[in-house]
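Notes follow the structure.
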Amino acid sequence: MRVTVFGAAGGTGRHVVDEARAAGYEVTVLVRDPHKLGAIDPNVTVEVGDARDPEAVARAVAGAQGVISTIGGSGMGRSTAITDAMATIVAALPAGTRLLAVSTVGAGDSASQFPRAVRMTVGMLLRSAIADHNGQERAIMSSDLDWTIARCVGLTDGPATGEVHVLTEGKVGGSRIARADVARWLVANLGDATYSHQAVSLW
């Protein structure tokens with residue numbers, strides 16, 4: 001399978017690239033600054049460009065059977081960067097393409113999965129980020145793609161634990177998850193239809 005990764009220069013994206021290559025996938029990444037990738041498998045195809053640029057995205061996804069997006073926000077201010085990038089990605093993909101995207105617990109209908117006190121704090125601190133992820137999720141859910149949205153609790157840079165809890169309803173049971181665990185779960189679900197057309201929460 002040929003896989004395109006967006007957000008590959010970020011903490012989670014780097015792990016996704018490593019996991020995808022370890023799984024034997026052909027990998028293409030789209031990054032604005034290739035120097036931010038650091039050490040990377042020489043067999044990874046690097047396309048330079050912005051994920052909001054239709055031409056750059058079209059180059060990156062050409063021939064891809066699977067796409068993983070770990071694009072995140074930058075800062076606490078209002079932004080539509082994630083929404084705009086995802087709208088561009090969705091428009092470039094043929095119907096039925098497998099798409100997995102990282103979002104955040106608190107987006108969509110997942111706010112109730114936090115305890116009330118936590119929900120209020122998260123809602124205040126991450127209001128702008130959640131709004132941007134909401135836009136991303138709307139773009140994905142209205143598409144004709146084979147999508148899965150992974151809403152994550154707080155991401156950490158610790159080593160993989162090998163344990164990922166997947167929540168479809170109820171309350172999240174933790175506030176942190178390692179980026180490495182999220183990346184492994186995303187790559188494992190490229191060929192798994194269990195959560196197709198679902199938004200799930202990971203902790």
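The values are calculated or read from the model by the stated rules, or taken from the named source; none is laboratory data. Quick caveat, the model's predicted, so the values are computed rather than measured. When we count neighbours, we look across all protein chains shown, and the Cβ atoms used for this are built from the backbone with ideal geometry, even at glycine.
Taking the conditions exactly as written (of a type in the set (D, E, K, R), within 16 Å of T12 (Cβ to Cβ), within 14 Å of the chain's Cα centre (by Cα) and part of a helix (DSSP H, G or I)), does R151 satisfy them or not?
no
Please find, among A64, A60, the residue that is surrounded by 18 or more Cβ atoms within 10 Å (Cβ to Cβ), touching a residue at least 40 places away in the same chain (Cβ under 8 Å), touching a helix residue (DSSP H, G or I) at 6+ places or on another chain (Cβ under 9 Å) and within 18 Å of G13 (Cβ to Cβ). Step through it out loud before you land on a result.
Working: A64 fails: touching a helix residue (DSSP H, G or I) at 6+ places or on another chain (Cβ under 9 Å).
After ruling out the rest, the residue left standing is A60.
Test G24 against the stated conditions and say whether it is within 15 Å of the chain's Cα centre (by Cα), part of a loop (DSSP other than H, G, I, E, B) and not aromatic (F, W, Y).
no
Give the residues of the range 165-181 that are in contact with a strand residue (DSSP E or B) (Cβ under 6 Å, 6 or more places away or on another chain) and not hydroxyl-bearing (S, T, Y), sorted by residue number.
Those that are in contact with a strand residue (DSSP E or B) (Cβ under 6 Å, 6 or more places away or on another chain) and not hydroxyl-bearing (S, T, Y): V166, L167, V172, R176, I177, A178, R179.
If you go through the range 1-9 one residue at a time, do you hit one that is among the aliphatic types (A, V, I, L, M), touching a residue at least 24 places away in the same chain (Cβ under 8 Å) and farther than 21 Å from M86 by Cα?
For the range 1-9, residues among the aliphatic types (A, V, I, L, M), touching a residue at least 24 places away in the same chain (Cβ under 8 Å) and farther than 21 Å from M86 by Cα: present.
Is it the case that T88 is in contact with a Pro (Cβ under 7 Å, 6 or more places away or on another chain) and hydroxyl-bearing (S, T, Y)?
Against the criterion (in contact with a Pro (Cβ under 7 Å, 6 or more places away or on another chain) and hydroxyl-bearing (S, T, Y)), T88 qualifies.
Does S74 meet the test of being closer than 15 Å to R151 by Cα, modelled with pLDDT under 85 and hydroxyl-bearing (S, T, Y)?
Criteria not met by S74.
Name the residue that is farthest from T4 (Cα to Cα), counting only residues in the range 90-105 that are under 12 Å from the mean Cα position of the chain (by Cα) and modelled with pLDDT of 95 or more.
Ranking the qualifying residues of the range 90-105, first place goes to S103.
I'd like the residue in the range 4-50 that is under 16 Å from L100 (Cβ atoms) and among the polar types (S, T, N, Q) and, out of all such residues, is surrounded by the most Cβ atoms within 10 Å (Cβ to Cβ).
T4
For the subset of the range 145-155 comprising residues that are modelled with pLDDT under 95 and out of contact with any Gly (no Cβ under 8 Å at 6 or more places or on another chain), which member is farthest from A111 (Cα to Cα)?
Ranking the qualifying residues of the range 145-155, first place goes to G154.
Among what's in the range 156-203 and is β-branched (V, I, T) and assigned to a loop (DSSP other than H, G, I, E, B), pick the residue that is modelled with the lowest pLDDT.
Of everything passing the filter in the range 156-203, V172 is modelled with the lowest pLDDT.
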